[in-house]
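Each reported figure results from applying straightforward, stated rules to the coordinates on display, with no laboratory input. Note that the coordinates shown come from a computational prediction; the quantities given were computed from them, not determined experimentally. As a convention, Cβ positions derive from the backbone with ideal geometry for all residues, glycine included, and neighbour counts pool all protein chains shown.
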Amino acid sequence: MKRILLSMAAVVTAIALLVSGCTKAPVSTEPSQGTNKETAAADKSTNGPVEVTYATFRVGAHVQAPGEKIMLEEFNRLYGDKIKLVIEELPSDDVYVNKMKALAASNSLPDVFDGKNGVRELAIANGTARNLLPYLEEDPEWKKYVGDMAIKANTNEDGNLYSISYSQRIIGYYYNKSMFEKAGIKPAETWEEFMSNCEALKKAGFTPFANATGENAWTVNLLLGAMIGTANEAGNKLMNEKPVTNFNTPEVINALENIKKILTDYSNTDALGAVYANAANVFCQEQAAMIANGPWMVGDFTNPEKSVEGLDQRLGVALYPNKGIYSEYDPGFVLCAKDDNLEEALTFLKFRTGPFSQKTFLETAGSLPLTNNIELSEEFKAKKPLVVQHLELASQAEYKFKTLDVIADSSVIDSFAKLYPELVFGEIDAQTFAQKLTDAVYRQK
Amino acid sequence: MKVKKRWIIIFLTPAVLLFAFVYLTSLYILVTTSFTDLTAGGGGNFVGLKNYIELFKPASEFWSVLKNNVIWVLLQSTVHVYLGVIVALILARNKWYTSLVRTIYMLPNIISNAALGMLFIFILNPKFGLINNTWRLISGNDAYMQNWFMDPKTAFGSVTMTWLPYAGITAILVMAEMTSIPDSIYEAAIIDGASQLQINMFIVLPLMRNIIGTTTILAASNMLQKLDIILLTTSGGPGTRTTNMPMSIYRTALIDNNYSLANAQGVFLILFGLVAVLLIRKIYRMNENILG
C-alpha cells in the first residue's frame, strides 16, 4: 500500500512539475530592451527560424481566403528563412471567435491575431495585448500606410493602440438597375421614398430586399443601423459611439418599426432565420432588387458559380437615404507576442497590415485600403467599378456611421437573431425589442 | 489472492487517473468557479452565491430555459420511449417487413445531428421546403407560407419533431432484450389462450421493465446534452422558446463571456441530471429483481 501511495505521489509531482513548466511567465507590454534582446538574438542564431503563432478564419470558402493565401506565400518567400509561421486555421468566424475567447481566458492567445468581435478587448483585459503606438512611431513608413484615421479609430480610452487595422469598410447598398427601371424608381433620397420604392418594386413583381436574420443578422442590421445613423444627430451619435449602452431611444424604436415592415412585406420569404449566404444567393440570382453589403461582395457578382451571367453589369451601388454610408476601420490585428519572439511577430504584423497585404486584399476581396497611399490601378478601376463607386459615395455622404457589429458587444449582436422573429410575429413591439438590446449590453462581461 | 489484487490495481489505475484528471478535476473547477466572478477576460474572485441568485431571480431567462428542458425531458422519457417500445413489439413479430422497417427507423439515429439539422432546415424551409410545398399542392393555396422554425407558435414543436419520433435506439435495445425471453413462456401463454395483446401486456412488457428504464435514462439524459441540432435550426430562438440548458450555457460562456454564471448553470444541469436519473430508476424500480 505504501508503495502504491509513493507511486501516486510521484505521478502527482510529475504532473505538477509539468503543469508549472507549461505556465507562461508574465509578459511585459513594453518593447523589449537591452540584454533580453541580445540573449534572444543569440538563441535565435542557433535554433533556426523563430516561430510566430497566427490564427486565421480566412480559409476555405471565405471571401478573403485567396488573399490570405497570397499574403502568407509572399511572407514566407521574404522571411521564411528567419520566421516560421505556425498557423491555426479555424473554419468560420464563429469558431474563430469562440476559440480566441477560450484562449484569452487561459492567457494563451496566438502572437498575432484578428481582434474582431471583442477578442481584442479580452486581450486588453487580461494584459497580454501590446501597445503598438511605440512601434508605429519607430517606423514612419509603416505608419504612413496605416494612416492617422485608422490609428485614431482604434486608439483605446487609455490612449494606447492595441490593434492595427488592415482595411476600411465603406458600406452602401447594391440595387438591381434593371428591376429599378421596370418599377420606375431610382435610389431613394429619404426613408419615406425608400419605403415607397419597396412598394413599387413589390407591385412590379419583385422582392425588394434580400435579407437574413440568422447569425449576426448582417444585412438587416445594416439597414437598421443606416436608419438610426441617418435619422438625426442623436441617431448618428449613437451609431458612432462605442460601446452603446442604451438602445431604448426614439431613433432605434422608429427604425425597428420600419425594419418590421421590411421583413414582413419587402423581404425574401425565408429571411427570418436565414443566414447571410441565403440572402446573398437571393440577390445574386436576381430574386431580389436590393441588398445591403460592402465592396467585398463585388467578386461574387462576376463569379458564375454564385451569380447569374452579367449581373455585375446590371448593378449599382447607392448611399442610404438621407445621404448616409457606413465608414469604419476593422479592429485589426493584435500583438500578444512574448519578448522572445517579439521582433519576428512584429515583422509579421507589419507585413500583414502593410502595403503588400492591403493591395492584395483590395484586388482579391475588395477590401478597401487604409489610406490613399495604396493607389487603385486603372485596370482595377475598370474591372471593379462598384468598388470605386463605394469610395466615391463615401465622399458625398453627409452622415457617416459604424456598423452595429463594431459599436455593440457580442451579447447585443447575438440578441438580434432571437428578437427579429418575435418582432415580426408580433410577440414583442419595437420598444420591448430596444429594451431587450439594452438589457443585453449589461449581460456582457 | 495477493497477485489478483495487484492486477486489479494495475488495470484500474489508468481508468481512475483518467477519470480523476479529466472528469473529477473538471467537476472540481466547475463547482468552485461557479462561486466566483470568472469571465473570459479574467476575474476569479469569490462572490458566494451571487451567480446562483442571478440564475434564479424572478426575471431571469433561465426559468423559461428550465421549463423547455423539463418539457423535453418529459416528452423524451414518455412519448419517445413509448414509440420505441411499440415499434419493438411490432418488429419482434418477425414479418416480411421487419428488417426493412428496422433499418429505415434506425436511419435518423445513425445520421449525425449536424446532417439531421440541415435536413430539417431544408424540409421545413418556408420557401421551398417539402412540408410547405406538399401543403400548397394539397390545399391549392400557392401563397401558403409557414416559417416552422421561426414562428413563435411552431418553433418549439418543430425543434421537438427533429428528435422525438426517432426512437430507433430504444427499439433496438428493447428488441435485443426480448430475445432473452424463453420460447417456453410464449408457448405456455398461447396454450392458455392468451392473445398477442395479452402476451405483450402481461408477459413481455413486465419483463422489459429494466431495459425500458435504461432507455428512459438514455433518452432523458440525451435531452440534457442536446446542443448541435438546436444551434443549427433555431439557435435557441425565437426569444428563448427553443433554448435548453446546454444552449444557455454556450451563450453565457461564449457570447456573454460570463464563465462563472455558465458554470453555475453547469452545476445545476448536473444536479438536474442526477435527480432525473434517480427518479427514473425509482419509477421503474430498477434495483428490484423483475421476477420478484
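So for the protein assembly as shown: antiparallel DSSP bridges make up what percent, rounded to the nearest 5?
On the way: 21 of 34 bridges.
Approximately 60 percent, going by the DSSP bridge assignments.
Could you work out, for the protein assembly as shown, what percent of all Cα-Cα pairs fall into each 20 Å distance bin, beginning at 0 Å and stopping at the bin that holds the largest distance?
Per 20 Å bin, starting at 0, the Cα pair percentages come out as 14, 41, 32, 11, 1.
Determine the dipole magnitude for the protein assembly as shown: charges of +1 sit on the beta-carbon of Lys and Arg, -1 on that of Asp and Glu, nothing else is charged, the reference point is the Cα centre, and the result goes in debye to the nearest 20. Don't skip to the end; give the middle numbers.
Working: 64 positive and 70 negative charges, 553 e Å.
Here the size comes out at about 2660 debye.
Quick check on segment A:312-423: take the gyration tensor over C-alpha atoms, sort the square-rooted eigenvalues as a ≥ b ≥ c, and tell me if it's rounded (a/c under 1.5), prolate or oblate.
Oblate, since a/c reaches 1.5 and b/c is not below a/b.
Can you tell me the alpha carbon radius of gyration of segment B:179-286 divided by the globular rule-of-thumb value 2.2 N^0.38 Å?
Here the Cα radius of gyration is 1.63 times the empirical estimate.
For segment A:143-284, rounded, prolate or oblate, judged on the Cα gyration tensor with a ≥ b ≥ c (square roots of eigenvalues), a/c < 1.5 rounded, else prolate if a/b > b/c?
Since a/c reaches 1.5 and a/b is larger than b/c, the shape of segment A:143-284 is classed as prolate.
Name the residue, out of A:A318, A:A183, A:A129, whose mean-square fluctuation peaks in a Gaussian network model built on chain A with Cα pairs under 10 Å.
Maximum among the listed residues: A:A183.
What percent of all Cα-Cα pairs in segment B:61-283 falls into each 10 Å bin, going from 0 up to the bin containing the maximum distance?
7, 26, 29, 21, 12, 3, 0
Round to a whole angstrom and tell me the spacing of the C-alpha centers of segment B:78-155 and segment B:31-48.
The distance from the Cα centre of segment B:78-155 to that of segment B:31-48 comes to 43 Å.
Modelled label-to-label distance, B:K95 and A:S108, 7 Å Cα→beta-carbon offset: nm?
Between B:K95 and A:S108, the label points sit 5.7 nm apart.
Over the whole of B:7-16, what's the average partner chain Cβ count within 10 Å per residue? Rounded to a whole number, please.
1
Please compute one quarter of the surface area of the Cα convex hull for segment B:1-52 and express it in square nanometres. Numbers along the way, then the final one.
Working: hull surface 21.0 nm².
Computed as one quarter of the Cα hull surface, the answer is 5.2 nm².
Calculate the mean, over all residues of peptide A:272-279, of how many other protein chain Cβ atoms lie within 10 angstrom of the residue's Cβ.
So the per-residue partner count for this stretch is 4.
Take B:A143 and A:R77, extend 7 Å from each Cα along the Cα→Cβ direction, and tell me the distance between the two endpoints in nm.
In this crude label model, B:A143 to A:R77 measures out at 6.0 nm.
At a Förster radius of 30 Å, what calculated FRET efficiency corresponds to the Cβ-Cβ distance of B:A176 and B:D228, to the nearest 0.05? Let's see the in-between values first.
Numbers: r = 27 Å, r/R0 = 0.91.
The pair B:A176/B:D228 has a calculated efficiency of 0.65.
Considering every residue in B:250-261, what mean count of other chain Cβ atoms within 10 Å of its Cβ is obtained?
Numbers: counts 1, 6, 3, 4, 8, 16, 9, 13, 4, 4, 1, 2.
Across the residues of B:250-261, the mean count of other-chain Cβ atoms within 10 Å is 6.
For segment B:45-84, what does the convex hull of the Cα positions come to per residue, in cubic angstrom?
Expressed per residue, the convex hull around the Cα atoms of segment B:45-84 is 81 Å³.
Among B:D142, A:D111, A:D439, rank each residue by its count of other Cβ atoms within 10 Å, from fewest to most, as a rough exposure measure.
Going from sparsest to densest Cβ surroundings: B:D142, A:D439, A:D111.
Which of the lysines could be linked to A:K418 by a straight reach, that is with a Cα gap under 21 Å, when you skip same-chain ones fewer than 8 residues away?
Leaving aside lysines fewer than 8 places away in the same chain, those within reach of A:K418 are A:K260, A:K261, A:K436, A:K445, B:K67, B:K127, B:K153, B:K226.
How big is D, in µm² s⁻¹, for segment B:31-118 by Stokes-Einstein at 25 °C and 0.890 mPa s if Rh is the Kirkwood radius over C-alpha pairs? It would help to have the intermediate numbers written out before the result.
Numbers: Rh = 17.6 Å.
The Stokes-Einstein estimate is 140 µm²/s.
To the nearest 0.05, what FRET efficiency results for A:E88 and B:A188 with a Förster distance of 60 Å applied to their C-beta separation?
Result of the calculation: an efficiency of 0.35.
Using the 10 angstrom Cβ neighbour count as an exposure proxy, how do A:I325, B:I181 rank, fewest first?
Result, fewest neighbours first: B:I181, A:I325.
Using only Cα atoms, what is the ratio of the radius of gyration of segment A:116-204 to 2.2 N^0.38 Å? Walk me through the numbers on the way to the answer.
Working: Rg = 21.8 Å, N = 89, 2.2 N^0.38 = 12.1 Å.
That ratio works out to 1.80.
Could you sort the peptides B:185-192, B:255-262, B:144-151 by per-residue average Cβ neighbour count (10 Å cutoff), highest mean leading?
Listed from highest to lowest mean packing, they are B:255-262, B:144-151, B:185-192.
Determine the principal axes of the Cα atoms in segment A:225-359, then give the extent along each, sorted from largest to smallest and rounded to whole angstroms.
59, 44, 29
Between B:E54 and B:I104, what is the spin-label point distance in nm, taking each point 7 Å from the Cα along the Cα→C-beta axis?
The modelled label-to-label distance comes out at 5.1 nm.
Considering every Cα-Cα pair within segment A:83-123, what fraction, in whole percent, is farther apart than 12 Å?
57 percent
Based only on other Cβ atoms within 10 Å, what is the fewest-to-most ordering of A:Y175, A:Y442?
A:Y442, A:Y175
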